[in-house]
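Beneath this line is the structure, given in structure tokens, with notes to follow.
The values are calculated or read from the model by the stated rules, or taken from the named source; none is laboratory data. Just so we're clear, the structure is a prediction, and the values are computed from it rather than from any experiment. All Cβ positions, glycine included, derive from the backbone under ideal geometry; neighbour counts span all protein chains shown.
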């Protein structure tokens, strides 16, 4: 994990700290069972070993990075099926269940996977624009899904079925330009070629909702499975969907008690699914929670970020709770952030490369006394290119409703030592030990694809190091808000349309650091999202104009 692995990332959020009284909703379901040992178990089947022996068998995966093909027969000997999944452009896991026989036939060579997952949107509507990777002309061709053995874990809420992540490649073996996991891998390769490693941590906020019992959905039972939420919203306005709890109460010790089986179930499931939570608490907002995920190697962090969302959604469904990671689900309240922390280490010594060995008495700006030249150059690179990769940090139409003034969210290219309103919060001595020196990128929302966010940050920072960039703007001073007279940074895009145009332009930094093929593909997917919004007729429009125009 390197020099910063012991950090607990309690860094604040988009949410403010007003306290309002409110009600709570009691759980209607028994605790979710998370602790079975093998998938497909039969309680009367004596051929399965007891739990203690099962744990011994699973000990081979204490360090999954060392897992080899020869280990699989022993590891999976009691299983009959395996789940595999890869990540699409929106960060959703797309996968399938396969027999063990099928799995062993493809685990070395990979297997064909329909490329349509990169040819349609998050609701499986094909893109308006024909994109190069997958389109009607090429028949939505197969691409190759390559099993990553180091990603092995068992799904605790699905009877511990084995699970592996995949990366997508071209049939001839080249890295697929549109694959988010592969994009991050390519970016990390550049850093590692210089003898450096990247470490990261993620914080995700989300609202929680419960669909009320509706006899039209299930006349005979209290159907609170979260899949009922979509049906409920077909018949009721969104504002009729109740929050898990009401009122504003960040860091509350009493709120989680009202729904403690769910609350502890999330924490335990994340631990068992190897997307460990370091800190888990209520945020300021009705039914809002925040999790800080365990800091670690950047590719593993991206995996854990995707799997954390899967865990929260899956476990919550059993309690009739719908978690919502969209950036701004409720008007007039802070949005859901997806802050990312990042640092570099020396791969030989583990030393934090952002930390200066001896304080600089004459830094270019106040606050940089203990930040190394590499750290300064990395920061400069992120500041220089941030506006050009905004669609990675704010990928939906709704994202930009979070990035507004007066809600603890950044709206300009800005930075500052321990500044929680800036786009980039520098965490360094004297408020942090040297080994904890890092950057917190506060622009990203919880609606983002973690692979793309981390790839974008790392690519910009690497460019800053390679070009030995200087920090282009002064820091925000203590107590100085974004957009004030001291804020010299440019205003970030106010819409997905504006951000995508800047991202896709010929001279964009995004093209330099991410490549034309990826930029063209991703821009096409965002243009699709913008067109859907432009053609939508909203309830707000109808209410405002139905009689008045």
*Return the total of residues in the range 77-90 being touching a strand residue (DSSP E or B) at 6+ places or on another chain (Cβ under 6 Å) and assigned to a loop (DSSP other than H, G, I, E, B).*
2
*Count, please, the residues in the range 108-118 that happen to be touching a strand residue (DSSP E or B) at 6+ places or on another chain (Cβ under 6 Å) and over 20 Å from residue 83 (Cβ atoms).*
1
_Being over 21 Å from the mean Cα position of the chain (by Cα), modelled with pLDDT of 95 or more and either over 19 Å from residue 336 (Cβ atoms) or part of a helix (DSSP H, G or I) (or both): is that true of residue 485 here?_
no
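Is it the case that residue 302 is closer than 25 Å to residue 95 by Cα and either in contact with a strand residue (DSSP E or B) (Cβ under 8 Å, 6 or more places away or on another chain) or surrounded by fewer than 22 Cβ atoms within 10 Å (Cβ to Cβ) (or both)? Show your work before the answer.
Working: closer than 25 Å to residue 95 by Cα: yes; either in contact with a strand residue (DSSP E or B) (Cβ under 8 Å, 6 or more places away or on another chain) or surrounded by fewer than 22 Cβ atoms within 10 Å (Cβ to Cβ) (or both): yes.
The answer is yes for residue 302.
Yes/no per residue for (1) more than 17 Å from residue 180 (Cα to Cα); (2) in contact with a helix residue (DSSP H, G or I) (Cβ under 8 Å, 6 or more places away or on another chain); (3) crowded, with 20+ Cβ neighbours inside 10 Å:
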position: 75; (1), (2), (3): yes, yes, no
position: 84; (1), (2), (3): no, yes, yes
position: 91; (1), (2), (3): no, yes, yes
position: 109; (1), (2), (3): yes, no, no
position: 134; (1), (2), (3): no, yes, yes
*Identify the single condition in (1) part of a helix (DSSP H, G or I); (2) without any contact (Cβ under 8 Å) to a residue 60 or more places away in the chain; (3) under 20 Å from the mean Cα position of the chain (by Cα) that residue 275 does not satisfy, given that it satisfies every other one.*
(1)
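Okay, residues lined up against (1) within 21 Å of the chain's Cα centre (by Cα); (2) surrounded by 19 or more Cβ atoms within 10 Å (Cβ to Cβ); (3) at pLDDT 95 or above:
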site	(1), (2), (3)
198	yes, yes, yes
202	yes, yes, yes
208	yes, yes, yes
211	no, yes, no
215	no, no, no
219	no, no, no
236	no, no, no
*Out of (1) surrounded by fewer than 22 Cβ atoms within 10 Å (Cβ to Cβ); (2) modelled with pLDDT under 95; (3) touching a helix residue (DSSP H, G or I) at 6+ places or on another chain (Cβ under 7 Å), what's the single condition that is false for residue 272?*
(2)
*Which ones in the range 275-302 are under 21 Å from residue 198 (Cα atoms) and out of contact with any helix residue (DSSP H, G or I) (no Cβ under 8 Å at 6 or more places or on another chain)?*
278, 292, 297, 300
*Index of the failed condition, residue 314 passing every other in (1) crowded, with 23+ Cβ neighbours inside 10 Å; (2) in contact with a helix residue (DSSP H, G or I) (Cβ under 7 Å, 6 or more places away or on another chain)*: (1)
*Which members of the range 239-251 meet the condition of being modelled with pLDDT of 90 or more, surrounded by fewer than 19 Cβ atoms within 10 Å (Cβ to Cβ) and more than 24 Å from the chain's Cα centre (by Cα)?*
242, 246, 247
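Report yes if residue 476 is under 19 Å from residue 403 (Cα atoms), crowded, with 17+ Cβ neighbours inside 10 Å and out of contact with any helix residue (DSSP H, G or I) (no Cβ under 7 Å at 6 or more places or on another chain), otherwise no. So that I can check it myself, show each step before the final result.
Values: under 19 Å from residue 403 (Cα atoms): yes; crowded, with 17+ Cβ neighbours inside 10 Å: yes; out of contact with any helix residue (DSSP H, G or I) (no Cβ under 7 Å at 6 or more places or on another chain): yes.
For residue 476, the condition - under 19 Å from residue 403 (Cα atoms), crowded, with 17+ Cβ neighbours inside 10 Å and out of contact with any helix residue (DSSP H, G or I) (no Cβ under 7 Å at 6 or more places or on another chain) - is met.
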*Give just the number: which of (1) surrounded by fewer than 23 Cβ atoms within 10 Å (Cβ to Cβ); (2) not in a helix (DSSP H, G or I) does residue 410 not satisfy?*
(1)
*asked:* If I ask for residues that are under 25 Å from residue 519 (Cβ atoms) and out of contact with any strand residue (DSSP E or B) (no Cβ under 6 Å at 6 or more places or on another chain), which ones from the range 415-436 would you list?
replied: 423
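If you go through the range 426-436 one residue at a time, how many are within 14 Å of residue 379 (Cα to Cα) and either buried (at least 24 other Cβ atoms within 10 Å of the Cβ) or without any contact (Cβ under 8 Å) to a residue 60 or more places away in the chain (or both)?
We begin by selecting, within the range 426-436, every residue within 14 Å of residue 379 (Cα to Cα); these are 426-428.
Of the ones still in play, those that are also either buried (at least 24 other Cβ atoms within 10 Å of the Cβ) or without any contact (Cβ under 8 Å) to a residue 60 or more places away in the chain (or both) are 426, 428.
Number satisfying all stated conditions: 2.
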_Complete set of residues in the range 91-115 that are under 22 Å from the mean Cα position of the chain (by Cα), at negative phi and not in a strand (DSSP E or B)_ = 92
_Lone unmet requirement of (1) surrounded by 14 or more Cβ atoms within 10 Å (Cβ to Cβ); (2) at pLDDT 95 or above; (3) outside any strand (DSSP E or B) for residue 225_ = (2)
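How many residues are at negative phi and either in contact with a strand residue (DSSP E or B) (Cβ under 7 Å, 6 or more places away or on another chain) or assigned to a strand (DSSP E or B) (or both) when one looks only at the range 310-323?
Residues of the range 310-323 at negative phi: 310-319, 321-323.
Add one more test, that the residue is either in contact with a strand residue (DSSP E or B) (Cβ under 7 Å, 6 or more places away or on another chain) or assigned to a strand (DSSP E or B) (or both), and what stays is 310, 312-313, 316, 321-323.
Of the residues in that region, 7 qualify.
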